[in-house]
Amino acid sequence: MANVKTEELKKRVLAMIPEQQAVSLESLYQLLNPGEDNITGVLQSLLSKKQLVMASGEKGEVFFARPEADLEELGRALGAGGWTYNQQFLVNQMVRVKSDLKQRAEQAVLDLLADGRPRTGEELADLLILPAGGPGGISGVIELPDGSLTIKSTSAGQAELARRKEEAEALAAAVERQRKILKELVSESKAVTGGELLQALGEPVLPDAIAHLVKLGDGSYALPDSRAALQDIIDFLQSVDSLGRQEFYRMFKAHKKTVASVKKGREAGPLIILPDGRVTVATTPAGQAELQRREVLAAVSACLDELAARRAFVRPEDFLPRLRGFAEAEAGARGWIRMNLGGKQYWCSPKEYKPEVMAEELKELAGQNLRGTGKPITPAVFLLENSRSPKEAAKRLGLKPAEIGELTEAGHLQGFELEGSPRLWRLGVEALNTPGAIEQIIRRTEKIRLVDAARVLGVAPELVRRMVREGYLSTAGKSANGPRGLAYLVRRADVEEILPIKNDLIDRWEHRDRRRDADRGIGPRAKRKPARRKQEPLAVPSELVLDPFQEESIGALLAGRSVLVAAPTGTGKTLVAEKIISKVLGLGQEVIYTSPLKALSNQKFRDFGELFGKAKVGLITGDISINDRAPLLVMTTEIFRNWCFANPGWMDQISHVIFDEIHYLDDTDRGTAWEESIIFAPPHIKILGLSATVPNIQELAAWIAEVRGFPVKVVVETRRAVPLEISWISPRGEVLNEAEAREEIEDLRQGDGSEYMLGDDTVG
């Protein structure tokens, strides 16, 4: 429809411009209907389509002509510039023309009415062109009661002004009279109906008289923000349970004080602001639930204050499970800082504490001996001062961030998370900042492929894979550089820890495999055996008979003494440990078994689980913790050393600690873990030390007795239950004695070794 009207207007415009003449914008606008709002758009369309051309005259007036007209002749006649088209110029000129024509029309109306004779709008329209909006909007013109128009300065205009003033004064007096009556009728606590208003006033209610009142839901009237009005809000909220804030503002905008209070988050009277911003009252289900929530939060807040008065670091477990969500929200709102330490969550109080108090707490929680001096500070600041970010640690140690990650993953650097950001203990970083130490640790934390681990151990790769399958080695990720795509990685330190027990593992697996093959009816492969005396099979007694050194060791332990046992591998040192463990567990006490290697700890954990029951055995190493409240705990010696510093109170029920491979005490690569464990273990704990290679065992016992303050029993066994024999293996896999081996070597030296060649692969 709009397009049809526009096209008709275009035709009218073109028809008003003769072929060889120009028409001004003002003339064109006057010829058209002044009410046409689309004149500017129509002219712009005609100009853009080259159906019209436009020029500006010397006085700024605008002219239009057809493009086929003699534009040069028209330009000279009109004094116009070049014919062109500028959209913004046309818009500005159209605004000017409209304004000029309106002013002329208004002035024409004023001139016509100046004779003092009132005229109607129709009469004025017959005599002249009226301005847009009609003559009633002209300043100085006034409308009389009969609808005619005149000028305010005329006698008729002055009379109308006087009448209007008298009428306004009468209305104001009536409004004031009604308001006085309403003031006595409507109070803070009372609302009135429309009927009561009519009865009290005795006349129709004037709108201005009740403009200061609000109309309630039942049709009655009340003062804004009064108790009566507030009760109306309460009744509505009870019917809808709750109302969104914006909707509340819109519905009750007349109650300005109440709305302003809610906007500021303050609850007016019985109104309740819910956490999501909705508004309700206490008698609704939503309000009752919110009051219960606030009651719980008040209790949680009081509990937080009580805990903060006693310590700086609080566990979520200090609250009942159903309250932990409330506690976390309240702690976050009050500025408590979240910390993850050793896989456990803590909240750091926003209060200030003495550094020595926080240092003592962290010694118990993390086994860290932090500096504790100076003025009181917040726990978060204390933690930041005693830690480094991974980036700072890397810069301090001259390492790459990835290497810091490797050290942390391997347990050489320990730390925590503060609000999700990792931090490393400053003392741990400084401890690594010694010449040569960091290079050795980096090498031990290096991740190597299984084939490289096999080279380190001097075994076949299949045996390394078996170590991984059976838990003696833990994988440390995968590498995409393997010969067949992804290949597992292990840490060099873990591999090197396997070296002392490698032969025992291989012997055990071979024995297990032979027994399995025998059960399946599979015979051993034929091999040439060395020419030596056939060994008689060992007799199996009907019941276990202890060796004298075992009886002596167990007797001393049961008598309450500490014992050092030195016996060759395979003679039964572990049996002494098993006997005392069985006795301790039977008395309802606890015992700790330590080993220098994570792999050996894993092995003992499995063995003791089968012997004493899995529920009674726990495992704690640098990277895993299983059943850590068990009465028999297997751990690395470093972990026990940390317990001696951080958790001495946790070892009241521990009667014995067993140090397997105690000869590691003199291992420089392992630091002072053994010495510190023996020195700082609680005084009531008795020590059982096991070793196969302690040449100065008497000297060691004397030192332990000196630092522990009680005598130490030394038991030495020299008999070797498993004789040591040296054999050789030929390139064909045959087991040879020394004479046979020398003969093979001589044959190889004199021959070309072709018998050991298969195709292109050398087997020898």
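The values are calculated or read from the model by the stated rules, or taken from the named source; none is laboratory data. Values in this document were obtained by computation on a predicted structure and should not be read as measured data. Glycine also receives a Cβ, built like all others from the backbone with ideal geometry; neighbour counts cover every protein chain displayed. SASA here: full protein model, heavy atoms, side chains in, ligands and nucleic acids out. Shrake-Rupley method; radii C 1.70, N 1.55, O 1.52, S 1.80 Å.
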Candidate set from region 218-250 (those that are aromatic (Phe, Trp, Tyr) and surrounded by fewer than 20 Cβ atoms within 10 Å (Cβ to Cβ)); member that is nearest to Ala172 (Cα to Cα):
Tyr249
Quick one: Ile129 ticks every box in (1) among the aliphatic types (A, V, I, L, M); (2) touching a strand residue (DSSP E or B) at 6+ places or on another chain (Cβ under 8 Å); (3) not in a helix (DSSP H, G or I) except a single one, so which number is it?
(2)
Can you tell me which residue among Glu317, Glu267 is closer than 30 Å to Glu356 by Cβ and out of contact with any helix residue (DSSP H, G or I) (no Cβ under 6 Å at 6 or more places or on another chain)?
Glu317
Among helices (runs of 4 or more DSSP H) entirely inside region 374-436, those with 1 or more residues being in contact with an Asp or Glu (Cβ under 9 Å, 6 or more places away or on another chain) and more than 13 Å from Cys348 (Cβ to Cβ) are 390-397, 401-409, 426-432
Of (1) within 15 Å of Glu470 (Cα to Cα); (2) in contact with a helix residue (DSSP H, G or I) (Cβ under 8 Å, 6 or more places away or on another chain); (3) surrounded by fewer than 20 Cβ atoms within 10 Å (Cβ to Cβ), Leu611 satisfies every one except (1)
Exactly one of (1) touching a His at 6+ places or on another chain (Cβ under 9 Å); (2) open to solvent by 10 Å² or more (accessible area, probe 1.4 Å) is unmet by Glu552. Its number?
(1)
Identify the residue in region 19-47 that is without any contact (Cβ under 8 Å) to a residue 12 or more places away in the chain and not charged (D, E, K, R) and, among all such residues, is least open to solvent (accessible area, probe 1.4 Å).
Ser27
Here are some residues: Gly570, Gly523, Gly618. Which one is modelled with pLDDT of 90 or more and touching a helix residue (DSSP H, G or I) at 6+ places or on another chain (Cβ under 9 Å)?
Gly618
Residues of region 48-60 that turn out to be of a type in the set (D, E, K, R) and modelled with pLDDT of 85 or more, as a count
2
Might you let me know whether region 48-63 holds any residue that is assigned to a helix (DSSP H, G or I), in contact with a helix residue (DSSP H, G or I) (Cβ under 6 Å, 6 or more places away or on another chain) and in contact (Cβ under 8 Å) with a residue 40 or more places away in the chain?
no
Selection from region 162-217 of residues farther than 30 Å from Gly269 by Cβ, exposed (fewer than 14 other Cβ atoms within 10 Å of the Cβ) and not hydrophobic (A, V, I, L, M, F, W, C) yields Arg163, Arg164, Lys165, Glu166, Glu167, Glu169, Glu176, Gln199, Gly202, Glu203, Pro204
Over region 74-85, the set of residues on the phi < 0 side of the Ramachandran plot, surrounded by 11 or more Cβ atoms within 10 Å (Cβ to Cβ) and either in a helix (DSSP H, G or I) or without any contact (Cβ under 8 Å) to a residue 24 or more places away in the chain (or both) is Leu74, Gly75, Ala77, Leu78
Return the pair list, or none, for Cβ contacts closer than 8 Å from residues in region 581-597 that are open to solvent by 10 Å² or more (accessible area, probe 1.4 Å) to residues that are among the small types (Gly, Ala, Ser) and outside any helix (DSSP H, G or I), at least 6 apart or on different chains.
Leu587/Ser655; Gln589/Ser655; Glu590/Ser655
When you scan region 599-618, do you find a residue that is assigned to a strand (DSSP E or B), at negative phi and touching a residue at least 24 places away in the same chain (Cβ under 8 Å), even just one?
no
Kindly indicate the residue of region 110-158 that is in contact (Cβ under 8 Å) with a residue 40 or more places away in the chain and β-branched (Val, Ile, Thr) and also most open to solvent (accessible area, probe 1.4 Å) among those meeting that condition.
Ile129
Select from region 694-711 the residues that are in contact (Cβ under 8 Å) with a residue 60 or more places away in the chain and β-branched (Val, Ile, Thr) and list them in ascending order.
Val694, Ile697, Ile704
Which residue, of Leu564, Leu558, is within 16 Å of Val714 (Cα to Cα), at pLDDT 90 or above and either of a type in the set (A, V, I, L, M, F, W, C) or open to solvent by less than 30 Å² (accessible area, probe 1.4 Å) (or both)?
Leu564
Among the numbered criteria (1) open to solvent by less than 60 Å² (accessible area, probe 1.4 Å); (2) closer than 22 Å to Lys215 by Cβ; (3) without any contact (Cβ under 8 Å) to a residue 40 or more places away in the chain, which one does Ile273 miss?
(2)
Any chance region 393-406 includes a residue that's within 24 Å of Phe640 (Cα to Cα), surrounded by 15 or more Cβ atoms within 10 Å (Cβ to Cβ) and out of contact with any Phe, Trp or Tyr (no Cβ under 9 Å at 6 or more places or on another chain)?
yes
Return the total of residues in region 676-699 being part of a loop (DSSP other than H, G, I, E, B) and surrounded by fewer than 14 Cβ atoms within 10 Å (Cβ to Cβ).
5
Of Arg423, Arg388, which residue is of a type in the set (D, E, K, R) and open to solvent by less than 60 Å² (accessible area, probe 1.4 Å)?
Arg423
Can you tell me which residue in region 710-727 is modelled with the highest pLDDT, limited to those that are open to solvent by 70 Å² or more (accessible area, probe 1.4 Å) and farther than 16 Å from Thr569 by Cα?
Pro711
